[in-house]
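The structure appears below as structure tokens.
Bear in mind that the values in this text are calculations on the coordinates, not laboratory data. Please read all numbers here as calculations on a predicted model, not as lab measurements. Ideal geometry is used to build each Cβ from the backbone, glycine not excepted, and the neighbour counts take in all protein chains shown.
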Amino acid sequence: MRTSLALAASLALLGTAASAQKLPVVAEAPLRAHLAFLADDLLEGRGTGQRGGDLAVRYLETQAALAGLQPLKDGTYRQGLTIVGSKALPDSTVTFKAGGKTIAPKFGEGIVFGASNGQQKVAFEAPVVFAGYGIKAPEEQWDDFKGVDLKGKLVIMMVNDPQPTAAEPKRFAGKSLTWYGRWVYKYEEALRQGAAGVLLIHTTASASYPWSVPANGFGHERFNLAGAGNPMEGWLQEDTARALFQQAGQDLDALRAKAETREFQPVALDATVNVKLNSTIRGIEQFNVAGSVPGSDPKLKDEAVIYSAHWDHLGKDDDGNDQGAAGSDHIYNGAIDNASGAAALLAMAQVAVKQPARRTQIFLWPAGEETGMLGANAWVRAPLWPLAKTAADLNLDSMNFVGKTHDIGVAGAERSSLYASAAKVAKRMGLRLAPAIPDLSGAFYRADHFAFAKAGIPAFNVGSAVFSGDGSFDFVKDSKASSARLVAFKKDYHQVTDEYHPSWDLSGMVQQAQFTLNLGYEVANDKTMPAWNKDEAFGKVKR
């Protein structure tokens, strides 16, 4: 009899443990409803500094409260950030004098430029210096500056990284693009060097996108966090750069070849630049939206896992400068990018509040991702939760709208112990981890999780099917046709045609959201916090 009672008690305990391990289930209906609303014309593309963005914030904070998330500060779900909007006026000019001739490239065709320091008027004349890739990377024993004083000079740089060689096939991550190759890093480094201005030489191969991308970007209002910025920054079209260098007595290709070596030193061109930059400037207050599910463990509740997904997109172009078809509504709805991620976080929060994890869970909707991850960077500068007690950031951006897959993308997770955690979660869900592919376009550095990674917090963009862009995921239904639909989204990316369609099969989006939530619980319930790999540069950053 005692044996039977003991067995019954054991089975009861096992049943209790098993039920305790059941995780909240993300439902499709609320996810679809949130997605349809956030992508609706009513929200006018959720633009930074636009009415539609304000409506999105109001909706998100209302839904966060309705779901039962707790405010993080002063009873509000908002975190304010001051953004400076700027746009170069038509009378702005950049002219070069080289070899006794004047070169005056036309804005939008040979050059694009703007100010990021919040000044309405910028005017200077300066010598011109070519600084190769403009990289200072101690871990690669690389310094393109060699102590040369660049204060008050115009610096011209190449985008991308030094290329791998037979002797060093893994330098700067081999074929993959590193943070040092991104245009954002180049601008930041020019600011640190005290340059008067910085121009990047554009090629489609090195930038991984055509000239139209920077041309469109600088043709519209640009946004930066209030504070330090470059007096002038922009891009040179390759033919313009080649003509300038030739007139200044230099061979651009020869200098590029030298820039592929550690021995490269900045080269002063026999040229000067005259900049007259007049801009419209406005200050804008935008908001991150955030709420929490407090942890259940008396000690671990002081640590947190963050789920993030930006709420903004490109807004409404009242000037009609969009790339849509004639007669389009000029609204960049951003259904996939990123009403999908914002909606998924709401659906995840609705079920997470019913079952707290040991650590606190924070649901964060950053502002201004499309304009340079401004909201995520603002959070890291003034976090509402201590960075030292932030376990990880799991980001969702441009989610799978095609259907369920047999695998899940975890690109970037391999940099930390998050990869092992993701593997455990995938196995429990009957999924495989999608094979790693070279990050040729630097996708790891282009979404909000990277702001956290730079701050030393293990982070990655979860299940980035759309970002892969090559249809490499293994879809459950008609994999070939499903992959083709995913690849076809390239033509809608950042266009007015990124609109919600009620016919979408959201089972893959729900699957992606569920995996992310399950991974969050795996991290939130673990005894230890995630850690970067030993040789990972971000692991050397103190939070």
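Sequentially through the stretch 102-108, phi angles give Karplus couplings (6.51, -1.76, 1.60; θ = phi - 60°) of 10, 10, 10, x, 7, 4, x Hz, Gly and Pro residues having no value and appearing as x.
Which of rounded, prolate or oblate describes the stretch 109-261 when judged by the alpha-carbon gyration tensor and an a/c cut-off of 1.5? Here the stretch 109-261 falls in the rounded category. Summing Cβ point charges (Lys, Arg +1; Asp, Glu -1) relative to the Cα centre of the stretch 252-366 gives a dipole of roughly 640 debye.
Taken about its Cα centre, the chain carries a charge dipole of roughly 1640 debye when the Cβ of each Lys and Arg holds +1 and the Cβ of each Asp and Glu holds -1.
Here the gap between Val25 and Ser479, fully extended at 0.36 nm per residue and compared with their Cα-Cα distance, gives a gain of 160.9 nm. Taken along the Cα-to-beta-carbon direction at a fixed 7 Å, the label points for Leu89 and Ala166 span 5.8 nm. Any idea what angle helix 479-488 forms with the longest principal axis of the chain, computed on alpha-carbon atoms, 0 to 90 degrees, nearest 10? For 479-488 against the chain, the angle is about 40 degrees.
Taking the charge dipole of the chain about its Cα centre, with +1 at Lys and Arg Cβ atoms and -1 at Asp and Glu Cβ atoms, the residue from Thr240, Met429, Val128 reaching farthest to the positive side is Met429.
Under unit Cβ charges (Lys, Arg +1; Asp, Glu -1), what dipole magnitude, rounded to 20 debye, does the stretch 86-281 have relative to its Cα centre?
Numbers: 21 positive and 21 negative charges, 57 e Å.
Value, rounded to 20: 280 debye.
Ranked by the mean number of other Cβ atoms within 10 Å of their residues, highest first, the peptides 265-273, 403-411 come out as 403-411, 265-273. Remark: spin-label model distance Arg242-Lys136 equals 3.3 nm, labels positioned 7 Å along the Cα→Cβ axis. Each Cα pair under 8 Å and six or more residues apart adds its sequence gap; the mean of these over the residue count of the chain is a relative contact order of 20 percent. Principal-axis analysis of the Cα atoms of the chain puts helix 418-428 at an angle of about 40° to the longest axis. Between Asn533 and Thr204, the FRET efficiency from the beta-carbon distance, with R0 = 45 Å, is close to 0.85. Subtracting the Cα-Cα distance of Leu66 and Asn274 from their residue separation scaled by 0.36 nm leaves 69.3 nm.
Only DSSP H runs of four or more residues enter the estimate; each adds -39500 (n - 2.57), and after division by the residues of the chain the mean residue ellipticity at 222 nm equals -8500 deg cm²/dmol. Taking amide H as placed 1.01 Å from N in the peptide plane, the amide H of Leu236 sits under 5 Å from that of Leu200, Ile201, His202, each at least 5 places away or on another chain. In order along the stretch 214-224, the Karplus-derived 3J(HN,Hα) couplings, from 6.51 cos²θ - 1.76 cosθ + 1.60 at θ = phi - 60°, round to x, 4, 5, x, 7, x, 10, 5, 10, 10, 9 Hz, and Gly and Pro are given as x. Scanning residues 5 or more positions from Asp407 or on other chains, those with amide H under 5 Å from its amide H are Arg432, Asp474, with H placed 1.01 Å from N in the peptide plane. Placing R0 at 22 angstrom, the Cβ-Cβ distance between Asp143 and Ala228 gives a FRET efficiency of 0.45 after rounding to 0.05.
Restricting to the stretch 101-213, what percent of DSSP beta bridges are antiparallel, rounded to 5? Close to 20 percent. A crude spin-label estimate for the pair Ala388 and Ala36, with each label 7 Å from Cα along the Cβ direction, gives 4.8 nm. For the chain, the longest principal axis of the alpha carbon atoms and the long axis of helix 51-67 meet at an angle near 20°.
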